[in-house]
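K.L.:
Take a look at the following structure, please.
The values are calculated or read from the model by the stated rules, or taken from the named source; none is laboratory data. The structure presented is a predicted model; accordingly, all values stated were derived computationally and were not measured. Glycine also receives a Cβ, built like all others from the backbone with ideal geometry; neighbour counts cover every protein chain displayed. Each accessible area value is taken on the protein alone, full model and side chains, heavy atoms only, with ligands, DNA and RNA left out. Shrake-Rupley method; radii C 1.70, N 1.55, O 1.52, S 1.80 Å.
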Amino acid sequence: MKTVKDAFNVMKTGLADMYSPAEADAITTLLLTDLTKLSNAQLKAYGDTELNVVQSERLLTQLAQLKTGMPVQYVLGHTEFYGHTFEVNPSVLIPRPETEELVDWIIKTINHSSGLKILDIGTGSGCIPVSLKLIDINNEIFTIDISSKALQTAKHNAAMNNAEITFIETNILNPEPSVITHQKYHVIVSNPPYVTGTDKLQMHRNVTDFEPHTALFVPDADPLLFYNAIADFAIDHLETEGYLFFEINESYGQETVDMLARKDFTNIELRQDMAGKDRMIRAVWV
Ligand code: GLN
């Protein structure tokens with residue numbers, strides 16, 4: 001594998017069992033831009049550019065990792081979310097584009113209000129709180145996760161992006177009163193686990209075998225487990241006219257809306273993601 005062009009060919013052949021040629025091409029482009037610091041266009045235009053031994057060995061190691069089914073973001077060790085770079089590893093979920101849509105909705109809703117207190121529940125990589133903090137550093141951002149490893153990654157991501165955030169380690173299903181701040185928030189947001197055992201059967205191995213199960217799965221018998229608990233928490237911790245935002249399982253849009261209505265939330269709005277699937281909810285507590 002002497003040149004960029006060779007690299008594309010080796011990767012395409014090596015990944016043929018798992019990825020289409022277009023996907024293999026996109027993955028190789030990601031890895032090579034990271035490795036060589038050339039742009040996508042430069043990689044395409046200068047296929048004869050030589051790779052040094054370290055670069056080609058690194059790419060072969062990455063190919064071996066990809067062949068185990070590891071997602072390219074874990075292979076690379078980082079990904080982009082809302083224009084910022086986040087370290088990712090198997091202790092955190094890889095940030096998804098639909099979550100960027102949720103962040104966008106929150107930012108449009110806040111509409112330049114400053115000095116808000118915002119809480120993110122189940123933060124993972126920290127992609128939601130960091131993106132919200134960077135929109136306006138005068139907002140105070142708090143975040144909860146059950147996983148100390150995820151919080152370590154989130155703290156690293158906050159530091160790397162110069163975002164000041166308060167981190168709280170607790171289980172939202174049974175929060176320790178001593179660690180929960182008793183203040184109220186203007187916005188509470190969560191992208192909690194929402195994949196059921198039935199959904200899992202349809203999912204790609206590189207999600208189910210590599211991404212953290214605590215971040216993904218809920219029992220089939222209680223798909224709204226986290227939504228119920230977070231809504232109850234929000235009733236006690238939202239300011240009057242505060243907003244609750246959820247990313248949701250596309251199959252439970254109406255059920256989640258009904259649950260929030262039963263708990264007396266108002267102005268409940270269900271929105272679709274780019275793929276047209278019921279994916280997020282905004283509700284107001286009055
Ligand atoms: N959207 C993620 C997926 O499809 C799931 C995220 C979650 O469970 N909160 O894998």
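Results for (1) of a type outside the set (Lys, Arg); (2) within 20 Å of residue 252 (Cα to Cα); (3) not in a helix (DSSP H, G or I), shown as yes or no for each residue.
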| site | (1), (2), (3) |
| --- | --- |
| 129 | yes, no, no |
| 150 | yes, no, no |
| 154 | yes, no, no |
| 183 | yes, no, yes |
| 234 | yes, yes, no |
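K.L.:
Failed condition for residue 222, given (1) within 16 Å of the ligand (Cβ to nearest atom); (2) assigned to a helix (DSSP H, G or I); (3) free of Cβ contacts under 8 Å to residues at least 12 places away in the same chain, with all others met?
P.N.:
(2)
K.L.:
For segment 95-122, give me each residue that is without any contact (Cβ under 8 Å) to a residue 40 or more places away in the chain, under 19 Å from residue 182 (Cα atoms) and open to solvent by less than 20 Å² (accessible area, probe 1.4 Å).
P.N.:
none
K.L.:
Which one of 225, 244 is surrounded by fewer than 22 Cβ atoms within 10 Å (Cβ to Cβ) and either over 21 Å from the mean Cα position of the chain (by Cα) or among the aliphatic types (A, V, I, L, M) (or both)?
P.N.:
Being surrounded by fewer than 22 Cβ atoms within 10 Å (Cβ to Cβ) and either over 21 Å from the mean Cα position of the chain (by Cα) or among the aliphatic types (A, V, I, L, M) (or both) holds for just one of 225, 244, which is 225.
K.L.:
Which residues, taken from segment 142-167, are of a type outside the set (A, V, I, L, M), free of Cβ contacts under 8 Å to residues at least 40 places away in the same chain and open to solvent by less than 10 Å² (accessible area, probe 1.4 Å)?
P.N.:
The answer is 143, and nothing else.
K.L.:
Taking into account only those residues within segment 168-210 that are among the small types (Gly, Ala, Ser) and away from the ligand (no atom under 12 Å from the Cβ), which is least open to solvent (accessible area, probe 1.4 Å)?
P.N.:
197
K.L.:
Answer yes or no as to whether residue 228 is modelled with pLDDT under 95, out of contact with any strand residue (DSSP E or B) (no Cβ under 9 Å at 6 or more places or on another chain) and not basic (Lys, Arg).
P.N.:
no
K.L.:
For segment 8-43, which residues satisfy the criterion of being over 19 Å from residue 77 (Cα atoms), out of contact with any helix residue (DSSP H, G or I) (no Cβ under 8 Å at 6 or more places or on another chain) and part of a helix (DSSP H, G or I)?
P.N.:
The answer is 9, 13, 22, 41, 42.
K.L.:
Then there is this: Just the residues that are surrounded by 14 or more Cβ atoms within 10 Å (Cβ to Cβ) and in contact (Cβ under 8 Å) with a residue 24 or more places away in the chain, please, taken from segment 264-276.
P.N.:
Selection gives 265, 271, 273.
K.L.:
While we're on this one: What number of residues in segment 129-141 are open to solvent by 10 Å² or more (accessible area, probe 1.4 Å) and touching a strand residue (DSSP E or B) at 6+ places or on another chain (Cβ under 7 Å)?
P.N.:
3
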